[in-house]
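Novice: Take a look at the following structure, please.
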Amino acid sequence: MQAAMQVAGRHCSAELERYGQCVASNPTDWQQSCHNLKVQLAQCTSTHPAIRHIRLSCSSEFSAFEACLKKHPGNVLRCQDFIQAFVSCAERVDMTSGTVLAGQS
């Protein structure tokens with residue numbers, strides 16, 4: 001996951017910064033207010049192989065996190081367990097094969 005965050009930060013720093021600022025500035029309606037920036041960030045990160053590996057390998061965890069955010073748009077803290085599950089999965093992704101390694105954190 002650290003590698004993916006570094007890639008996103010390096011490869012998509014402008015998009016990441018704009019999206020982060022928008023979310024921070026719109027705590028109650030960030031999903032609606034920042035949707036276009038989220039799409040731009042997703043498009044940028046999806047072009048890098050490391051990010052693609054993680055998104056494919058941990059798609060169910062990421063989908064569960066997104067569903068939680070949609071269910072609780074004004075309270076991101078309620079989704080901490082879901083983001084932790086995604087991060088845990090992402091940290092176990094074998095970047096050489098794109099598979100999730102069992103039993104590692």
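Novice: At a probe radius of 1.4 Å, what is the per-residue accessible area of residue 53, in Å² to the nearest 10?
Specialist: Estimated to the nearest 10 Å², residue 53 gives 60 Å².
Novice: For residue 92, enumerate residues with amide H under 5 Å from its amide H, sequence gap 5+ or separate chain, H modeled in the peptide plane.
Specialist: none
Novice: State whether the range 1-90 is rounded, prolate or oblate according to the following rule on the C-alpha gyration tensor (a ≥ b ≥ c being the square roots of its eigenvalues): a/c under 1.5 gives rounded; otherwise a/b larger than b/c gives prolate, and the remaining case gives oblate.
Specialist: Oblate shape, in that a/c is at least 1.5 and b/c is the bigger or equal ratio.
Novice: Let me ask something else. Tell me the accessible surface of residue 56 in square angstrom (1.4 angstrom probe, heavy atoms of protein chains only), to the nearest ten.
Specialist: Here the residue's solvent-accessible area equals roughly 140 Å².
Novice: Can you compute 3J(HN,Hα) from phi for each residue in the range 16-22, using the Karplus curve 6.51 cos²θ - 1.76 cosθ + 1.60 with θ = phi - 60°, rounded to whole Hz and x for Gly and Pro?
Specialist: Along the range 16-22, the couplings run 4, 5, 4, 5, x, 5, 5 Hz.
Novice: Another question about this same structure. For the residue pair residue 42 and residue 59, what label-to-label distance in nm results when each label sits 7 Å from Cα along the Cα-to-beta-carbon direction?
Specialist: Placing both labels 7 Å along Cα→Cβ, they lie 1.3 nm apart.
The values are calculated or read from the model by the stated rules, or taken from the named source; none is laboratory data. Just so we're clear, the structure is a prediction, and the values are computed from it rather than from any experiment. All Cβ positions, glycine included, derive from the backbone under ideal geometry; neighbour counts span all protein chains shown. Side chains are part of the model used for accessible areas, which takes the heavy atoms of the whole protein and leaves out ligands, DNA and RNA. Shrake-Rupley method; radii C 1.70, N 1.55, O 1.52, S 1.80 Å.
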